[in-house]
Amino acid sequence: MGAVLGLCSAAQLACCCGSAACSLCCSACPSCANSTSTRLMYTLMLLLMTVVACITLAPGLHNVMKKVPFCENSTGLIPGNIKFDCDQAVGYLAVYRICFATCLFFVLMALLTIGVRSSKDPRAGIQNGFWGIKYLVVIGGVIGAFFIPEGQFASTWMVFGMIGGFCFIIIQLILIIDFAHSWAERWVSNYEESQSRGWYAALLLGMLTCYALAITGITLLFIFYTKPDGCDLSKFFISFNLILVVIASAISILPSVQEHQPRSGLLQSSVVSLYVMYLTWSALSNSAGECNASISKTNETSFDKESIIGLIIWVCSVLYSCVRTASSSSKITMSEHILAKTGEEGDGGEAGQSEETKVFDNEAESTAYSWSFFHVVFAMATLYVMMTLTNWYNPSSQLSKENVASMWIKITSSWLCVGLYVWTLVAPAIFPDRDFN
């Protein structure tokens, strides 16, 4: 499914150039729904902007980046005397400006698509087309953002970044919990249908692996982020989250829960436990004081392990949200399109025209997803990746990972993760008359 969706996105991107070679490329790709290809095109845009932001943090570009307009040692394109030294944080400030322009683009798209109900709306062309113009707008916005004087820009934009990043973490929690349930249900269903020991072994291995990683993470957190005499807050966070995941695991196998959700179990709990431990690690990496083992002794802007893992989880969450919604919303319309295409081939004259339609419209009656909310989510995803790349602290201050506000945002997210997961377990038992599928 992922390969087909990738080809759909590549086909739509190639068709933007309009040449004969591109048309040949489009004709070689499989058919897909317009809603699917559109979401993947926006995902591709977001990933490309993320790659550009990562490139600005490359050590080899440090001296080149110091010549950008917002630095005090620039070519004088910014009026006024800006007392800011770009020698240390120019990469982070560049990430802020790239993500600022990208976020504003998605906010603009969200405003333009409010209230769209079907592709018959005149604004559908703005959502599903003009890709060349959209990319030029984003590129132009990024270039313009580099001319914003520093001043209080980073400090102010960091506040928006923390709020948007926290909101996306909540969405990411829902996606991860949904992934855990989908994964377990698929493998349990395969085991029940085939009674194969292979599927049973896979279930057991997946559960044990996630729990082993979670336990290893807890042990390392106690070793590197606590001390025998002190670090009481860090000890509380680690111990409290350990208790929460144990309680959640126990709830998942209660008879009352199993009665309403026979396929719930420890596999989902192990995935959630592992993610909670990651959030705990991420929170402690922004804690203040000598208990923070992640504080770098150097002032160089670079990636650390926590940021890399956060980016990987972010990319997987964005791709999973697109693939999952695309597969569920396009299943019926794909079948209808294939049947319609088969019928048209029997008419002879219209067969050739049907074969050329590789991206078909599946939203003529109603949209497959909320266009406006989709762009709001991507705006928050942009803010989240901005905070992840800059390690959740203000780049205009001293380069230190200490950020108490970020620490509380992440630790609160870990508690919400457990709460949301427990709710998905107990809600069907508490409200048996409601459909939670």
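The values are calculated or read from the model by the stated rules, or taken from the named source; none is laboratory data. These figures come from a predicted structure and were not determined experimentally. Backbone-built Cβ (ideal geometry, glycine too); neighbour counts: all protein chains shown. Heavy atoms of the whole protein, side chains included, go into the accessibility calculation; ligands, DNA and RNA do not. Shrake-Rupley method; radii C 1.70, N 1.55, O 1.52, S 1.80 Å.
Computed over protein heavy atoms with a 1.4 Å probe, the carbon and sulfur contribution to the accessible area of segment 84-223 reaches 73%. Among Phe237, Phe431, Phe373, the order of accessible area from largest down is Phe373, Phe431, Phe237, computed with a 1.4 Å probe on protein heavy atoms. Other residues within the sphere of radius under 14 Å centred on the Cβ of Lys227, judged by their own Cβ, net out at -2 (K and R +1, D and E -1). Only one residue of Ala180, Ile143, Val116 has its Cα farthest out toward the positive end of the dipole of segment 100-191, where Lys and Arg carry +1 and Asp and Glu -1 on Cβ, and that residue is Val116. In this view, the solvent-accessible surface of Phe224, computed with a 1.4 Å probe and all protein chains in place, comes to about 120 Å².
Taking all protein chains into account, the per residue accessible area for segment 83-202 stands at 48 Å² (1.4 Å probe). One quarter of the surface of the convex hull around the alpha-carbon atoms of segment 136-261 equals 14.4 nm², the direction-averaged projected area. Rounded if a/c is under 1.5, else prolate if a/b beats b/c, else oblate: with a ≥ b ≥ c from the C-alpha gyration tensor eigenvalues square-rooted, which is segment 166-221? Oblate. With K and R counted +1 and D and E -1, the other residues having a Cβ less than 15 Å from that of Trp423 yield a net charge of 0.
Accessible area, 1.4 Å probe, largest first: how do Cys103, Cys316 sort? Kindly include the intermediate steps, with their values, before the conclusion.
Details: Cys103 10, Cys316 80 Å².
Largest to smallest exposure gives the sequence Cys316, Cys103.
Rolled with a 1.4 Å probe across the full set of protein chains, the surface gives Glu192 an accessible area near 90 Å².
Protein-only accessible surface at a 1.4 angstrom probe places the residues Trp314, Trp183 in the order Trp183, Trp314, largest first.
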